[in-house]
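Quick note: the coordinates plus some simple rules give every number you see, no bench work behind them. Remember, predicted model here, so these are calculated numbers, not experimental data. Backbone-built Cβ (ideal geometry, glycine too); neighbour counts: all protein chains shown.
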Amino acid sequence: MRSLKLSLGAVTLAITLLASRPALAAEEVSISAGDTGFILICAALVLLMTPGLAMFYGGMVRSKNILSILMQCLAAMALVSIQWILLGYTLSFGPDHGTLIGGLDFLGFGNIGLEALSDTVPIPHLAFAGFQLMFAIITAALITGAFAERMKFSVFVVFILLWTTLIYDPLAHWVWGGGWLGQLGIMDFAGGTVVHISSGVSGLVAALVLGKRLGKEREAIRPHNMPLTVLGAGLLWFGWFGFNAGSALSANGVAALAFLVTNTCTAAGALSWVAAEWLHHGKPTVFGAVSGAVAGLVAITPAAGFVSPLSAIAMGLVVGPLCYLAVSKMKEKFGYDDALDVFGIHGVGGTWGALATGIFASTAINPAGMDGLLAGNPGQLLVQSIGVVATYVFAALMTYAVLKAISLFTSLRVSEEEEEAGLDLSLHGEDGYSNADMSGEGHAVAG
Amino acid sequence: MKKIEAIIRPSKLEELKAVLNKMEVRGMTVYNVMGRGLQQNVKQYYRGQEVSVDLFPKVKVEVICRDHWQERIVDAIMETCRTGAIGDGKIFVYPVEEIIRISSGERGDAAL
């Protein structure tokens, strides 16, 4: 089918490739222009999720710490981009070693070129590697919400480089790069375990290791700019189409399915969260609507290519109240300061999504997938559970080890004085909002 | 001379300004303030976490006047800003020792 649909551009490109490398001509797979264009655009969409996340998180912190959050997200974009070229991609997607880690064949992006990734995925290897980079970036950035408003920036830089190398890259290899979870048959379409459970659990561990924010016990810490959070949630919802539909790695029917169920589960998540808190506290909040939407996006991520739109509604209806209970009740009961609810939404929502994939997946929807519990294959739910437990254990132990190792050299937290003054001023020497002074500059109303 | 300091509902400010304007009372200083009196706390919920709000946004209006204007201005504020409910605010009246207009150096009544 695909070869019939090749556009003129793809044929031209393929011919150019053939002409330029005659020795390989017989093995050369034609690049699909449609698929390549689609994946490159999806990669750009996924990149936009990280600035979106920065806005989503930024609105939730106090105004004195807005820049520290934006800076951590920007730093994740820059640092992981370089790490991925040098080492990250090859550890994740290099030739398998013992089902645990990728080999070094692609060190420094060596041996990655314009040729097709494989005969079933006719996009340039570079396009695939670039698309996957964006996942590594957003996953690292997601964790920042847990230790927001108190970590040293220097510690953050070291932590994020170690975390992405020692935790993200192996996990991506286990599930997508030919590692043991993939071989076991885990279904993780776009990153329920690799992205969301890993960042959520790591965030929880980091929040526990760093301890609570100063004043958490005696004063209520309120979000300082809810419209910014809503803007960020909108960008996340938008970018997530690239994240999930793009994970089909082709502009095909599975991509369309992923696109549609992503939107559906998100909508159901927003509605069910708002309904839960409306019943609980009597008011439907904007914060609840965007939180539920993100929880819905998280839940559908592993399932996006495998479930029906009706199943997506069911998944979304569960994830809203579930995450609402996690952030309002569970967090209070155990008393950890997961500042922006990385575990409550990505950890808990990702866990539900990974398990729900094993419940709702159906080969009637996507013959290339597998059946889940409701389609008569309870074994898939077991495989999904193994994936969940393995990700929890690995992410938790490794994150703990990385933070303890860093703490041998320096304290992880800023000083109390710096924390009181706000990280924007004490770490970055800037104010997020210029009306912090009395000169009148920056005020909306003058005179 | 007196300083009349009225803490009122923000929604009443425009109406009060119009009334004082009609009385030819033009000079005033207005502040956005937070405060509390007899009003009950309001509960807010952020991701289900309760936050109790016990300071409410109010507007503080300061007017300086000759002594014999005091009651007229206080009456105007009372009439304009009263809803009868808790949260209408309070009025404080203070003696003022001296007034100096910075631009001209005029003092006392001439500076009003």
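The condition (being within 14 Å of chain B (Cβ to nearest Cβ), among the basic types (Lys, Arg) and in contact with a strand residue (DSSP E or B) (Cβ under 7 Å, 6 or more places away or on another chain)) is satisfied by just one residue among A:222, A:218: A:222. Report yes if residue A:193 is over 23 Å from residue A:304 (Cα atoms) and either of a type in the set (Val, Ile, Thr) or without any contact (Cβ under 8 Å) to a residue 12 or more places away in the chain (or both), otherwise no. Spelling it out, it is not the case that residue A:193 is over 23 Å from residue A:304 (Cα atoms) and either of a type in the set (Val, Ile, Thr) or without any contact (Cβ under 8 Å) to a residue 12 or more places away in the chain (or both). Note on region A:242-257: residues that are in contact (Cβ under 8 Å) with a residue 12 or more places away in the chain and in a helix (DSSP H, G or I) total 10.
What do you reckon, is residue A:361 away from chain B (no Cβ under 14 Å), more than 17 Å from residue A:391 (Cα to Cα), crowded, with 23+ Cβ neighbours inside 10 Å and touching a residue at least 24 places away in the same chain (Cβ under 8 Å)? Yes: the conditions hold for residue A:361. Here region A:84-103 is the region considered, the condition is being more than 25 Å from residue A:38 (Cα to Cα) and out of contact with any strand residue (DSSP E or B) (no Cβ under 9 Å at 6 or more places or on another chain), and the residue that is surrounded by the fewest Cβ atoms within 10 Å (Cβ to Cβ) is A:98.
Hey, can you tell me all the residues within region A:267-323 that are polar (S, T, N, Q), surrounded by fewer than 22 Cβ atoms within 10 Å (Cβ to Cβ) and within 14 Å of another protein chain (Cβ to nearest Cβ)?
Correct list: A:285 only.
Considering every residue within region A:329-351, establish whether at least one is within 14 Å of chain B (Cβ to nearest Cβ), among the charged types (D, E, K, R), surrounded by 20 or more Cβ atoms within 10 Å (Cβ to Cβ) and without any contact (Cβ under 8 Å) to a residue 40 or more places away in the chain. The answer is yes; a qualifying residue exists.
All of (1) of a type in the set (Val, Ile, Thr); (2) over 30 Å from residue A:292 (Cα atoms); (3) surrounded by 12 or more Cβ atoms within 10 Å (Cβ to Cβ) hold for residue B:53 with one exception: (2).
Among residues of region A:224-240 that are over 15 Å from residue A:301 (Cβ atoms), those with a beta-carbon under 7 Å from a residue that is of a type in the set (A, V, I, L, M, F, W, C) and outside any helix (DSSP H, G or I) at least six positions away or on a different chain give the pairs A:224/A:61; A:229/A:60. State whether one or more residues within region B:63-74 are assigned to a loop (DSSP other than H, G, I, E, B) and exposed (fewer than 11 other Cβ atoms within 10 Å of the Cβ). The answer is no; no qualifying residue exists.
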